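Worksheet: one structure, shown below.
The values are calculated or read from the model by the stated rules, or taken from the named source; none is laboratory data. Since the structure is predicted, the reported quantities are computational estimates derived from the model, not experimental observations. Note: ideal-geometry Cβ built from the backbone for every residue, glycine included; neighbour counts use all protein chains shown.
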Amino acid sequence: MADIKQVLVPDIGDYKDVSIIELMVKVGDTVNAEDSLLTLETDKAAMEVPAPYAGVVKEIKVKVGDKVSKDTLILLLESTGATIAPAADKPVVQEAATSPSPQPPASQKGSTALPPANAALTVPVVGERMSAAAGKAHASPAIRRFARELGVPIAQVKGSGMKGRVTKQDIQNFVKAALAQPRSSGNDNNLQVLAMPLIDFAKFGTIETKPLSRIKKLSGANLHRNWVSIPHITQFDEADITDMEAFRKQIGAEYTRQDTKITPLAFMLKAAVAALQKFPEFNASLDASGENLVLKQYCHVGVAVDTPDGLMVPVLRDVDKKGIAQLAKELGEISARARAKKISAAEMQGGCFSISSLGGIGGTAFTPIINAPEVAILGVSRASLKPIYKDGEFIPRLMLPLSLSYDHRVIDGAAAARFIVYFSQLLADARQMAL
């Protein structure tokens, strides 16, 4: 007869009514002793609750968002008779990303060996599998997924948890250490970024603490890395889209009946591909050594999507092989999946160039951050009618503000100016995109 056992929340100290932020198993899963079952999060720490023994999950009694305390029933486990893990009476505790602790020194337990200054924080991923080297690290599936999302080679991270287990804090320390390490320039005059001061804001007045969304936590490290490691330059211009908008509205009614909304962004995707083909250094990436340029023979374009939990950048594939109507349809579908949190990790990878459009909100210009390993990104602001002097008179024209950020290690100012001027010309006369 099967031995069905109850799995309870272990001793988690003085914490009560702790939120469940992630379930790592489902009914029918086979787990080993010490495999992580779920993650709890307080305002100061994230805690993984391990399985006290091996078995098959028969029933789950909680869900994400539930509040639990010590001895709350988590799930029912059909035991396989494996020995109870001696260290399973306490959860694996990790300091949360929002905890304002300073970076630990290299000698402190849990510190990691720094990668070379010019090494990219990347890890080979095929589907959901890590590389063979990464598989040797002692880490839970959730921690491996967290490492993949940040591009951290988990095999290089030294674990500070039980039995050398890699924790979330270990991953974060690895990223912090890589960002803090000065780039070698042949001398000792490198400037290092000072740590942010710890401030008690409550002493100045009433405050409210609101945790960052998971997407913002994950993207924050990548944005910081890209901003401090890439020399950004932004080139500004305006495109006359008067005729393009007239044409778009003309064909819009026909495609609306086909449940396809032709947006200005679809035209921009097509113009971006033409510009990438004319200026191939924009459709490239620096290799890990920083000494070679990898020129891509494909055109995948990422589009920033504003979701309730933060910015996401899904990638449209083979934009050069598709027409404006097909791009508009795919753009609507992938944006809807992103907002509904139904987009896969694969759909967020492989971009050659990105477009971030704030035209639906407003603004006249901004400096978008390059989405490494790409070397350029186009920011789009709101179009407005302006008096343009032409043929001896001022005429009203619809002008679209453009902001092109580029990696100055790869692209010089003259090339960036030519790129954005050509892009603007394509939007001004959409017929050129068909040539």
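Quick check on my filter: what residues within the stretch 242-266 are basic (K, R) and buried (at least 18 other Cβ atoms within 10 Å of the Cβ)? Reasoning before the result, please.
Step one: filter the stretch 242-266 for residues basic (K, R), giving 248-249, 257, 261.
R248 - this is the single residue of the stretch 242-266 that is basic (K, R) and buried (at least 18 other Cβ atoms within 10 Å of the Cβ).
Could you grab me the full set of residues in the stretch 382-415 that are out of contact with any Leu (no Cβ under 6 Å at 6 or more places or on another chain) and outside any strand (DSSP E or B)?
Of everything in the stretch 382-415, those that are out of contact with any Leu (no Cβ under 6 Å at 6 or more places or on another chain) and outside any strand (DSSP E or B) turn out to be R382, D391, G392, H408, R409, V410, I411, D412, G413, A414, A415.
Can you tell me which of A365, A325 is touching a Phe, Trp or Tyr at 6+ places or on another chain (Cβ under 8 Å) and part of a loop (DSSP other than H, G, I, E, B)?
Details: A325 fails: part of a loop (DSSP other than H, G, I, E, B).
Criteria check complete, one pass: A365.
How about the stretch 1-107: which strands (runs of 3 or more DSSP E) wholly inside it have at least 1 residues that are modelled with pLDDT of 90 or more, touching a helix residue (DSSP H, G or I) at 6+ places or on another chain (Cβ under 9 Å) and not β-branched (V, I, T)?
Those strands (runs of 3 or more DSSP E) do not exist here; none qualify.
Which one of A288, A272, A239 is in contact (Cβ under 8 Å) with a residue 12 or more places away in the chain, surrounded by 20 or more Cβ atoms within 10 Å (Cβ to Cβ), in the same structural domain as L426 (by TED's automatic domain parsing) and outside any helix (DSSP H, G or I)?
Within the list A288, A272, A239, the selection yields A239.
Hey, among D412, D391, which residue is among the acidic types (D, E), free of Cβ contacts under 8 Å to residues at least 40 places away in the same chain and farther than 26 Å from W227 by Cβ?
When all the criteria are applied, what remains is D391.
Which of (1) closer than 12 Å to T234 by Cα; (2) crowded, with 19+ Cβ neighbours inside 10 Å; (3) of a type outside the set (V, I, T) is the odd one out, the single condition S354 does not satisfy?
The one condition S354 does not meet is (1).
Over 26 Å from the mean Cα position of the chain (by Cα), among the β-branched types (V, I, T) and exposed (fewer than 14 other Cβ atoms within 10 Å of the Cβ) - does that describe any residue in the stretch 46-59?
Within the stretch 46-59, none of the residues are over 26 Å from the mean Cα position of the chain (by Cα), among the β-branched types (V, I, T) and exposed (fewer than 14 other Cβ atoms within 10 Å of the Cβ).
Of everything in the stretch 276-285 that's touching a strand residue (DSSP E or B) at 6+ places or on another chain (Cβ under 9 Å) and outside any strand (DSSP E or B), which residue is surrounded by the most Cβ atoms within 10 Å (Cβ to Cβ)?
N283
For the stretch 291-305: of the residues being in contact (Cβ under 8 Å) with a residue 40 or more places away in the chain and assigned to a strand (DSSP E or B), which is farthest from P211 (Cα to Cα)?
It comes out as L293.
What pairs can you find where one residue is in the stretch 357-376 and in the same structural domain as A275 (by TED's automatic domain parsing), the other is of a type in the set (F, W, Y) and not in a loop (DSSP other than H, G, I, E, B), and their Cβ atoms are less than 7 Å apart, with a gap of 6+ or different chains?
Listed pairs, sorted by first residue: A365/F236; I369/W227; E374/F353; V375/F282; V375/Y406; A376/F282; A376/F353; A376/Y406.
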